[in-house]
Amino acid sequence: MAAAARVRPLDLFSREEWERLSARNDWMGPLLVLHAWAVIAGAIALAIWQPFLIPLSVMLVGARQLGLSILMHDAAHGALHSNRAVNDFLGQWLCGAPVGAHLVNYRNYHLQHHKFAQQPEDPDLGLSAPFPITRASLRRKIVRDLTGQTYFKQRRNQFANAFGIGIKPGPGAANRMQGAREAVFPMIGTNLVLFAILAASGHWWAYFVLWLLPMATWMMMITRIRNIAEHAVVPDNADPMRHARTTLANPLEGLLLAPYWVNYHCEHHMFMHVPCYRLGVAHRALARKGITDRMEVRHGYLCVLRMAASKPDAVAVPA
């Protein structure tokens with residue numbers, strides 16, 4: 001099996017530039033985690049204060065729930081904190097577990113994605129391989145996301161795996177059950193804590209409307225959009241500058257669709273140990289050197305969705 005092609009950072013940056021880009025700031029990672037939870041708390045408080053703002057709060061909370069997943073992803077690369085124990089605690093208990101993910105399991109899986117990005121062995125290839133699709137197909141997927149169907153299916157499968165429901169005995173069955181349990185039980189525990197906090201404040205209903213609903217709807221949709229933007233319909237699966245995509249996001253997209261610099265995905269694949277808060281810096285440095293002209297860069301998520309949904313609808317043939 002052939003690993004994906006790599007970029008050598010020192011072919012593009014001086015040693016001093018690279019050291020600045022790849023250095024971890026031990027304050028930034030924890031502050032970003034704190035920021036995500038502060039936005040979530042603020043959005044929940046806003047909706048409790050003015051219930052007509054619940055739709056806005058659902059979007060804000062859902063975007064920060066994706067943000068927690070993104071910060072867990074940084075922790076999977078050891079980029080939240082230079083101390084491994086602190087990095088893993090933040091990534092597991094304050095980022096991954098509340099949204100149903102498990103840091104160590106994700107790390108093992110995700111590093112295979114980097115090793116074999118867009119190659120047949122890539123475990124994430126199924127997320128990008130079906131594209132382009134038709135506009136009707138994309139609409140159906142978004143409807144499933146926004147109505148909670150995607151979330152329900154994912155959680156049902158996760159819980160079934162955790163309790164051995166429907167798993168056929170054989171090689172890998174025990175590992176599959178163990179992996180699901182390692183995600184499910186921390187998720188239950190952290191969500192019980194969240195429910196208890198909201199119930200103690202006199203707003204038990206907010207857990208369902210302002211935490212569970214955003215996770216089951218908005219987070220599912222923007223996670224899909226993120227996955228599409230990152231690798232679907234990229235121009236060259238063999239080129240390390242073009243097998244992942246950077247989507248230049250406006251401030252509204254950054255707020256509601258692509259938090260914590262997740263849109264700089266081409267840079268992330270080129271330099272996977274650069275912390276998320278320096279990916280924008282890396283992009284601008286590459287642009288000054290004229291290197292972004294050789295990279296897969298698009299302006300805005302609407303542009304990418306048009307590309308991803310560019311397959312013509314089937315035309316009925318007259319009888």
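A few points about this structure:
- FRET efficiency, R140 to A160 (Cβ-Cβ, R0 25 Å, nearest 0.05): 0.55
- The chain - mean residue ellipticity at 222 nm from DSSP helices (-39,500 (n - 2.57) per run, n ≥ 4, rounded to 500): -17500 deg cm²/dmol
- FRET efficiency estimate (nearest 0.05) - Cβ-Cβ, W93 to R8, R0 41 angstrom: 0.70
- Pairs of Lys residues in the chain are counted when their Cα atoms are under 28 angstrom apart and they lie 8 or more places apart or on different chains; the count is 5.
- Least to most buried among S14, S57, S201, S22 (fewest other Cβ within 10 Å first): S14, S201, S22, S57
- In this simple spin-label approximation, R84 and A287 carry label points 7 Å from Cα along the Cα→Cβ vector, and these lie 3.7 nm apart.
- Restricting the calculation to Cα atoms, segment 205-273 shows an Rg/Rh of 1.09 when the hydrodynamic-style radius is the Kirkwood one.
- Cα-only Debye scattering, segment 48-156: base-10 log of I(q)/I(0) at q = 0.15, 0.18, 0.19, 0.21 Å⁻¹: -0.87, -1.11, -1.16, -1.21
- Label-point separation in nm, N250 to A314, each point 7 Å along Cα→Cβ: 3.7 nm
- Along the chain, the exposed loop sites are chymotrypsin sites (Phe, Trp or Tyr not before Pro) outside DSSP states H, G, I, E and B with at most 15 other Cβ atoms within 10 Å, and the longest stretch free of them is 28-162.
- Karplus-derived 3J(HN,Hα), 6.51/-1.76/1.60, for each residue of segment 9-15, Hz, glycine and proline x: x, 6, 7, 10, 10, 5, 4
- With R₀ set to 45 Å, the beta-carbon distance separating R306 from Q50 gives a calculated FRET efficiency near 0.80.
- Distance (nanometres) between label positions extended 7 Å along Cα→Cβ at A196 and F208: 2.1 nm
- Fewest-first ranking of K289, K115, using other Cβ atoms within 10 Å as the exposure measure: K289, K115
- The charge dipole of segment 190-319, taken about its Cα centre with unit charges on the Cβ atoms of Lys, Arg (+1), Asp and Glu (-1) only, comes to about 260 debye.
- Relative contact order, percent, segment 167-258 [alpha-carbon distance under 8 Å, six or more residues apart]: 14 percent
- In segment 1-124, Cα pairs under 8 Å separated by at least six residues give a relative contact order of 28 percent.
- Relative contact order of the chain, pairs being alpha-carbon contacts under 8 Å that are 6 or more residues apart, as %: 25 percent
- Segment 151-222 versus segment 25-101: alpha-carbon centroid distance in Å: 17 Å
- Inter-centroid distance (Cα atoms) of segment 254-283 relative to segment 114-145, Å: 20 Å
FYI, it's all coordinate maths here, none of it is from the lab. From a predicted model like this one, the values you see are computed outputs, not experimental measurements. All Cβ positions, even for glycine, are placed from backbone atoms using ideal geometry, and neighbour counts span all protein chains on display.
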